[in-house]
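The values are calculated or read from the model by the stated rules, or taken from the named source; none is laboratory data. Predicted model only: the values in this text are computed from it and were never measured. Positions of Cβ are generated from backbone atoms using ideal geometry, with glycine treated the same way; all protein chains shown enter the neighbour counts. All accessible areas refer to the heavy atoms of the entire protein, side chains included, with ligands and DNA or RNA removed. Shrake-Rupley method; radii C 1.70, N 1.55, O 1.52, S 1.80 Å.
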Amino acid sequence: MSSSEVVGNVSQGGSSWAAHFRATLALGIPLIGAQLAQLGIHTTDMIIVGQLGAEKLAAMVLAGQFFFVVFIFGTGFSVAVVPMVANAYGQGDATSARRALRMGMWVAIAYWFLALGIFYNAERILLALGQNPNVAKLTGDYLAISKFGLLPALLFYVMRGLVSAIGRASVILYATIAMLLLNGVLAYALVLGHFGFPAMGMNGAAIVAVIVNTFSLIFIVFYVQTRDETRQYELFVRFWKPDWNALGEVLRLGLPISITILAETMLFSAASILMGQIGTIELAAHGIALQLASIAFMIPLGLSQAATVRIGVAHGRGDYPNLIRAAITIYVVACVIALSGGILFAAIPGKLGGLFLDAHLPEAPQVLAYASSLIIMAGLFQLVDGIQAVAAGLLRGLKDARIPAILALISYWPIGFALAWTMAFPLGFGGVGVWSGFVVGLTAAAIMLTTRFYRLVKREMQTARG
């Protein structure tokens, strides 16, 4: 049975818990795999560019962070398309789904044009932030090329909404794996100069990024245009025709989602700044723990995307019994996976930390000893981070974004960051204090977002009955 058939089966009333678990895994596993493969693309780039020297590696780190911040804000508008398409699909309304996708692509194109000015001034921005002039120049040169990959990357994210909604998320996984392989081969060839190609260094890496992102868009467009179940949406017929209601909904949902994603991203950047103020050893240890937490987070992130689709489809059908079962199932799966990861982190923190640092280096014992305590904290961290991510995905399935954005911002900054700074410095807990503060902040987010979802569903069910 295909994933679309599994998802379709649970859209009918009276589905069993087993059917919901199968549907969650059928949709969630490809999305989780796609997130891990995407992480692998960045890791591959870092490994290959790292062979060019410390200065170019530093520039690659800056370029990656710069591009990611611009990209991640833009993806909020792409993410907004997912519940819109899922709701329309649940109602059997191909016209509304098509309009949502088209307007999502419109917004992605407009955002890219606005972002060009940021990329054009990248070197000036980095110099103003006190970065090394040589590193800033290398970063600016890379971004001057890689900016052309932003548009296909955003459009790919928009079109993911359609294949996810109809239960064909495996296509996203296949596309991302193909991107990972293509990126590795081309980066090896163009960055380092193999297979008869000249060694182009960081500019080669930027060209590869554009090629890979363009390939991803071509891949998914080809799939959509050659399958009967997706071709019926006629995405590119009269593409220039606006739908102002759909455009307004993309912006209304997308802006708070973008702000929320950016706020969480900046929170982790702020954590690194706090750790850097404590000391170099502590910052290195923090980097190890954060990388492990980031890898683990790909699982609830994929489940969050699955949650948006599953809740969106059930909500579109007005099928509240299956909506509730879908939500509970996703929560259970996320908690079981997070608890398993937390136990692993607590059991072998030293071995996990040793994967990221040469044990023969003079400072290695200090770094790994400090990292072990942070890795144990990361185990607890991923549990609450996973729950709040899934809760946010559930709320997006209900097309609820503005209030969740406010709740998340309160949790991340006035609670999380403020408590992290207080525990780290005035109270003297150092790095453990930073992580403890963020755990409390994310716990607050998990509680508030889950409560928000429960109350919305309860209110809608009462309205439907009465």
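Below, the figures for the structure above:
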item	result
Set of lysines near Lys458 by C-alpha distance (under 21 Å), chain-local residues within fewer than 8 positions excluded	Lys399
Extension gain (nm, one decimal) between Phe239 and Leu181, 0.36 nm per residue minus Cα-Cα	17.7 nm
Per residue accessible area in Å² of region 340-466, where ligands, DNA and RNA are left out and the probe is 1.4 Å	46 Å²
Projected-area mean, region 222-350, by convex hull of Cα positions, square nanometres	12.6 nm²
Segment Ala347-His194, length gained on full extension (0.36 nm per residue, minus Cα span)	50.8 nm
Three-way shape label, region 55-145, alpha-carbon gyration tensor, a/c 1.5	prolate
Computed FRET value (nearest 0.05) for Asn132 with Ile403, which takes r as the C-beta separation and R₀ as 30 Å	0.10
The chain: DSSP helices with Cα axial extent of at least 20 Å and average Kyte-Doolittle hydropathy no lower than -1.0	17-50, 54-90, 94-120, 150-165, 170-190, 201-226, 244-278, 280-317, 320-347, 364-397, 430-465
Cα gyration tensor category, rounded, prolate or oblate, for the chain with a/c compared to 1.5	oblate
Rg/Rh for region 24-79, where both radii come from Cα atoms and Rh is the Kirkwood radius	1.11
Spatial separation of Cα centroids for region 66-117 and region 303-344, in angstrom	22 Å
By average C-beta atoms within 10 angstrom, highest first, the peptides 189-197, 233-241	189-197, 233-241
MRE, 222 nm, helices only [DSSP H, n ≥ 4, -39500 (n - 2.57), over the chain, to nearest 500]	-29000 deg cm²/dmol
C-alpha center-to-center spacing [region 186-265, region 394-466] in angstrom	31 Å
All lysines inside 29 Å of Lys137 as judged from Cα atoms, apart from same-chain residues fewer than 8 positions distant	Lys56, Lys147
Amide H contacts under 5 Å for Phe429, placed H, 5+ residues apart	Ala424
Net charge contributed by nearby residues that have their C-beta within less than 12 Å of Tyr370 (K/R +1, D/E -1)	-2
Proximal aspartates and glutamates to Lys241, defined as alpha-carbon separation beneath 19 angstrom and excluding residues fewer than eight positions away on the same chain	Asp93, Glu249
